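Here's the structure we're looking at; comments come further down.
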Amino acid sequence: MKSIFLLTLSLFTASTLFAQTGMFKILSHSEHIGNLNVKEVSTIDSKEINIESKVTIKLIVDVEVSYILESSFENGDLVYSTVKTYLNGNRHSTLITKKSGSVYLISKNGNKTEESDEIKFSESMLYHKEPFGVTKVYSEVDGVFKPVKSLDNHIYELTNPLNGNKSKYY
């Protein structure tokens with residue numbers, strides 16, 4: 001009877017889930033322009049991150065940009081990510097990152113590339129984990145690695161190599 005109890009306890013412990021959620025404000029030049037909701041669910045060897053974001057940009061007319069991100073990690077490696085971006089409610093782009101053997105296949109709106117570097121830390125992880133000792137993070141939204149720089153305690157800056165834009169994470 002004792003061994004059945006220990007086996008049951010071991011199986012329960014091995015499948016224990018840890019969940020974190022967070023709501024963040026998106027600022028541009030100190031102005032609140034949108035919100036971002038993050039949900040992260042982890043087990044001992046896997047992690048799922050889901051993000052929903054909505055931003056309204058005031059130009060001549062209001063422009064609403066939103067995205068839905070879903071990333072899956074196994075044993076510390078990104079194995080799959082999909083990001084769907086919407087412009088005024090209409091799908092604007094889809095970016096899929098999928099691990100295939102020792103490379104990652106990246107597809108953005110049908111344009112395909114490969115990445116041979118391991119993806120251990122991604123931009124979506126920054127909402128619940130600081131990038132200690134990390135020099136670059138993979139952006140699921142842009143499909144590229146971004147250099148990360150520590151600006152101060154708990155403040156990090158990423159630079160997008162595609163356009164030079166900088167983002168700060170607090």
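The values are calculated or read from the model by the stated rules, or taken from the named source; none is laboratory data. Bear in mind that the values here come from a model prediction, so they are computed numbers and not experimental data. Positions of Cβ are backbone-derived with ideal geometry, glycine not excepted, and every protein chain shown enters the neighbour counts. Remember, those area values only see protein heavy atoms, side chains included, never the ligands or the DNA or RNA. Shrake-Rupley method; radii C 1.70, N 1.55, O 1.52, S 1.80 Å.
If N is the number of residues in the chain, what value comes out of its Cα radius of gyration divided by 2.2 N^0.38 Å? Before the final figure, lay out the partial values.
Values: Rg = 18.3 Å, N = 170, 2.2 N^0.38 = 15.5 Å.
Working it through for the chain, the quotient is 1.18.
Extending each Cα 7 Å along its Cβ direction at Thr113 and Lys168, get the distance between those two points in nm, one decimal.
Going from the Thr113 label point to the Lys168 one covers 2.8 nm.
Can you give me the relative contact order of the stretch 23-114 as a percent, contacts being Cα pairs under 8 Å and 6 or more apart?
16 percent.
Compute the helix-to-body angle for 2-14: its Cα long axis versus the longest principal axis of the chain, expressed 0 to 90° and rounded to tens.
Its long axis makes an angle of about 10 degrees.
Put +1 on the Cβ of each Lys and Arg and -1 on the Cβ of each Asp and Glu in the chain; which of Phe24, Val65, Pro161 then has its Cα farthest toward the positive end of the dipole?
Val65
Where Lys and Arg each count +1 and Asp and Glu each count -1, what net charge lies around Ile44 among other residues with Cβ under 15 Å from its Cβ? Intermediate values should be presented prior to the final figure.
Details: positive: Lys47; negative: Glu40, Asp45, Glu48, Glu74, Asp77.
Counting the neighbours of Ile44, the net charge comes to -4.
Going from most exposed to least, what order do Val38, Val65 have by accessible area with a 1.4 Å probe? Don't skip to the end; give the middle numbers.
Numbers: Val38 5, Val65 50 Å².
Ranked list, largest accessible area first: Val65, Val38.
Mind checking the stretch 103-170 for GluC sites (Glu not before Pro) that DSSP puts in a loop (not H, G, I, E or B) and that have at most 16 other Cβ atoms within 10 Å?
Details: sites: Glu114, Glu115, Glu118, Glu123, Glu140, Glu157; in loops: Glu118, Glu140.
Sites meeting the loop and neighbour criteria: Glu118.
Find out how many positive minus negative residues lie around Ser71, taking Lys and Arg as positive, Asp and Glu as negative, among other residues whose Cβ is under 9 Å from that of Ser71. Don't skip to the answer; put the middle values down first.
Values: positive: Lys47; negative: Glu48, Glu70, Glu140.
Charge balance in the 9 Å sphere: -2.
Would you mind calculating the gained length between Leu105 and His29 on full extension (0.36 nm times residue separation, minus the Cα-Cα distance), in nm to one decimal?
Contour length minus the Cα-Cα distance gives 23.8 nm.
Please identify, among Ile155, Ile68, Ile96, the residue showing maximal mean-square fluctuation in a Gaussian network model of the chain using a 10 angstrom Cα cutoff.
Ile155
Is the shape of the stretch 67-165 rounded, prolate or oblate, going by the alpha carbon gyration tensor and its root eigenvalues a ≥ b ≥ c, with a/c under 1.5 for rounded and a/b larger than b/c for prolate?
The shape class here is oblate.
May I ask you to rank Thr159, Thr97, Thr113 by accessible area, largest first, using a 1.4 Å probe over the protein chains only?
Values: Thr159 35, Thr97 0, Thr113 80 Å².
Largest accessible area first, the residues go Thr113, Thr159, Thr97.
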